Amino acid sequence: MTAVPLSSLSKGTYAHIDSIRPQTAFGDLDDLVGRRLADLGFSNGMPLMVVAVGALGKGPFAVRLGNQSQFALRAPEAAKIMCRVVTEHF
């Protein structure tokens, strides 16, 4: 199965994080943003569920990680997180 950006997922979707990819929207701060996401728990293999998506599907994206942490991400942050959609729930 191909990895897709979190920003393309809809409410209620379950997925596992595949990787954090570079995003040009952050420029020189991209590495720092990626590290911050990893520090918050957005790491390879972590299960997540999309709890809510903002108007017109453009963000913010509310997600619950498998460790029960919940975060709201802006669209550029969500676009950094590559996911593999799954059918099983956590």
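Couple of notes before you dig in:
- Cut-off 13 Å between beta-carbons: net charge of the residues surrounding L73, Lys and Arg +1, Asp and Glu -1: +4
- Cut-off 20 Å, label 7 Å out along Cα→Cβ of S19, residues of segment 49-90 by amide N: 76-86
- Computed from Cα positions, the angle between helix 30-39 and the longest principal axis of the chain comes to roughly 40 degrees.
- Other residues lying with their Cβ under 11 Å from the Cβ of M1 contribute a combined charge of 0, Lys and Arg counting +1, Asp and Glu -1.
- Heavy-atom accessible surface of the chain: percent carbon and sulfur, 1.4 Å: 55
- Loop sites in segment 25-79: trypsin sites (Lys or Arg not before Pro), DSSP, at most 15 other Cβ within 10 Å: K58, R74
- Using C-alpha pairs under 8 Å with a sequence gap of at least 6, the mean separation divided by the residue count of the chain gives a relative contact order of 44 percent.
- Listed candidates (1) 1.18; (2) 1.02; (3) 0.93 - label of the one calculated as Rg/Rh (Cα atoms, Kirkwood Rh): (3)
The values are calculated or read from the model by the stated rules, or taken from the named source; none is laboratory data. These numbers were taken from a predicted model, which means no experiment stands behind them. Reconstructed Cβ throughout: ideal geometry from the backbone, glycine too, with neighbour counts over all protein chains shown. Protein only, heavy atoms only, side chains kept; ligands, DNA and RNA dropped before computing areas. Shrake-Rupley method; radii C 1.70, N 1.55, O 1.52, S 1.80 Å.
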